[in-house]
Amino acid sequence: MKRFLDLADFTREEIIDLLALTQRLVERPEPRSLAGKILGLLFFNPSLRTLASMQAGMARLGGTSFVITPGQGTYGMETRLGVIMNGTAAEHVREGVPVLASYCDVLGIRAFADGKNLAADLAESTFSAMAQLVDKPLINLESAMSHPCQALADWKTLDDVQVPRTGRFVLSWVWHPRALPLAVPATALHMAAMRGMDVTVLRPEGFALPAPIMEKARRAAATYGGAVRETADRREALEGAQVIYAKEWGATGCYGDAEADAGLRASLTDWCVNDSWFATTAPGCRLMHCLPVRRNTAVADEVLDGPRSIVQREAHNRLVVQMAVLYRMLKGDPQ
């Protein structure tokens, strides 16, 4: 495995095998397996779990890492092609990324959606341009439309708490004061469909996920025996649900228009998961969220602090699944 960019690049059997490797490394640690190897991390956007878990995972395997955050202790980096660089950025990714790749054995890049042009973001224009510059193993640490490390951790979390592969999974939009990127909801949707689950996207009018994202998930569901639908009817969506995956995202009908987006979400503050959301779900229904989460805005204290929440398990699983990704890229299979 030389690239981990999108769960859709793999078969379900390959993902299950990667999760089996994760469990083997948990049960039988190999603390010197990547000794002498270097992980480079390039972060164009903020991070807590992704940064800390990648560094900790590499260290637990005996390797080392370095972190570059353009504009913070290093030169600012320009990502646009054909631009006249007379602004604040002193270096272009076409020079900077190959240099960083030459210093390490595996490179991880985090570059969120631009949030202005939906077609360009759906095409992963920025991330793809940088990926073409890397001749080493490459990990997507969240791009415009994909967050495969989070999805892999989510899959393991569902396995850990024994949610059936054919269980009912609700990806629900929740409120946030501003538009957020589509990478996590798109990837969570695809992960659940690929797992073979009965998936419902619950969202208010105006916040439907783009057609290409829905079609991609439906193809995965058709391949692996799942189902995908969407609705704005909260009562219908939540009935019998075994998982509520809460996530914020921007309005896609007015993508890039902050004022119009704010107008749509102004009356939707009741889209905050509280105990009442579980009235008709399955008795053991779980709450998932990738974090960070705004308490009492997206999810209420009573849920996050209650027994339904598995957000901390998700966060911990980021560490262990990424260790498996690094191991597979740099060493292969355990002996």
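Can you confirm whether segment 138-154 contains a residue that is over 15 Å from the mean Cα position of the chain (by Cα) and either buried (at least 24 other Cβ atoms within 10 Å of the Cβ) or at pLDDT 95 or above (or both)? It would help to see each step written out before you state the result.
At the first step, the residues of segment 138-154 found to be over 15 Å from the mean Cα position of the chain (by Cα) are 138.
Keeping just the survivors that are either buried (at least 24 other Cβ atoms within 10 Å of the Cβ) or at pLDDT 95 or above (or both) gives 138.
Taking every residue of segment 138-154 in turn, at least one turns out to be over 15 Å from the mean Cα position of the chain (by Cα) and either buried (at least 24 other Cβ atoms within 10 Å of the Cβ) or at pLDDT 95 or above (or both).
In segment 1-58, which residues are more than 14 Å from Ala153 (Cα to Cα) and among the hydroxyl-bearing types (Ser, Thr, Tyr)?
Correct list: Thr11, Ser33, Ser47.
Answer yes if at least one residue in segment 241-250 is among the β-branched types (Val, Ile, Thr), surrounded by 15 or more Cβ atoms within 10 Å (Cβ to Cβ) and not in a helix (DSSP H, G or I), and no otherwise.
Within segment 241-250, the first condition is being among the β-branched types (Val, Ile, Thr), and the residues that meet it are 243-244.
Next cut, surrounded by 15 or more Cβ atoms within 10 Å (Cβ to Cβ) only: 243-244.
Applying the additional criterion that residues be not in a helix (DSSP H, G or I) yields 243-244.
Taking every residue of segment 241-250 in turn, at least one turns out to be among the β-branched types (Val, Ile, Thr), surrounded by 15 or more Cβ atoms within 10 Å (Cβ to Cβ) and not in a helix (DSSP H, G or I).
Name, by its number, the condition in (1) farther than 18 Å from Trp175 by Cα; (2) among the aliphatic types (A, V, I, L, M); (3) buried (at least 21 other Cβ atoms within 10 Å of the Cβ) that does not hold for Ala279.
(3)
Within segment 72-92, how many residues are open to solvent by 50 Å² or more (accessible area, probe 1.4 Å) and farther than 17 Å from Ser128 by Cα? Lay out the reasoning, then the answer.
Narrowing segment 72-92 to residues open to solvent by 50 Å² or more (accessible area, probe 1.4 Å): 72-75, 80-82, 84-88, 90-91.
Next, only the ones that are farther than 17 Å from Ser128 by Cα stay: 72-75, 84-88, 90-91.
Of the residues in segment 72-92, 11 are open to solvent by 50 Å² or more (accessible area, probe 1.4 Å) and farther than 17 Å from Ser128 by Cα.
Of the residues Leu81, Leu61, which single one is touching a helix residue (DSSP H, G or I) at 6+ places or on another chain (Cβ under 9 Å), more than 24 Å from Leu48 (Cβ to Cβ) and in contact (Cβ under 8 Å) with a residue 40 or more places away in the chain? First the steps, then the outcome.
On the way: Leu61 fails: more than 24 Å from Leu48 (Cβ to Cβ).
Only one candidate qualifies: Leu81.
Which members of segment 118-135 meet the condition of being part of a helix (DSSP H, G or I) and open to solvent by 20 Å² or more (accessible area, probe 1.4 Å)? Lay out the reasoning, then the answer.
Kept after step one, since they are part of a helix (DSSP H, G or I), are these residues of segment 118-135: 118-122, 125-131.
Matches in segment 118-135: Leu118, Ala119, Ala120, Leu122, Ser125, Thr126, Ser128, Ala129.
Answer yes or no as to whether Val67 is open to solvent by 20 Å² or more (accessible area, probe 1.4 Å) and either modelled with pLDDT under 95 or in a helix (DSSP H, G or I) (or both). Explain how you work it out, then say what you get.
On the way: open to solvent by 20 Å² or more (accessible area, probe 1.4 Å): yes; either modelled with pLDDT under 95 or in a helix (DSSP H, G or I) (or both): no.
Judged against the criteria, Val67 is not a match.
What number of residues within segment 93-117 are open to solvent by 40 Å² or more (accessible area, probe 1.4 Å), in contact (Cβ under 8 Å) with a residue 60 or more places away in the chain and assigned to a helix (DSSP H, G or I)? Explain how you work it out, then say what you get.
Looking only at segment 93-117, we keep the residues that are open to solvent by 40 Å² or more (accessible area, probe 1.4 Å), and these are 94-95, 98-99, 102-103, 105, 112, 114, 116-117.
Retained after the next criterion (residues that are in contact (Cβ under 8 Å) with a residue 60 or more places away in the chain): 103, 105, 112, 116-117.
Filter once more, keeping what is assigned to a helix (DSSP H, G or I): none.
The total comes to 0.
So which residues in segment 13-44 are of a type in the set (Val, Ile, Thr) and either open to solvent by 20 Å² or more (accessible area, probe 1.4 Å) or free of Cβ contacts under 8 Å to residues at least 24 places away in the same chain (or both), if there are any at all?
Of segment 13-44, the ones of a type in the set (Val, Ile, Thr) are 15-16, 22, 26, 38.
Across segment 13-44, the qualifying residues are Ile16, Val26, Ile38.
The values are calculated or read from the model by the stated rules, or taken from the named source; none is laboratory data. Computed from a predicted model, the values in this text were never measured in an experiment. Positions of Cβ are backbone-derived with ideal geometry, glycine not excepted, and every protein chain shown enters the neighbour counts. All accessible areas refer to the heavy atoms of the entire protein, side chains included, with ligands and DNA or RNA removed. Shrake-Rupley method; radii C 1.70, N 1.55, O 1.52, S 1.80 Å.
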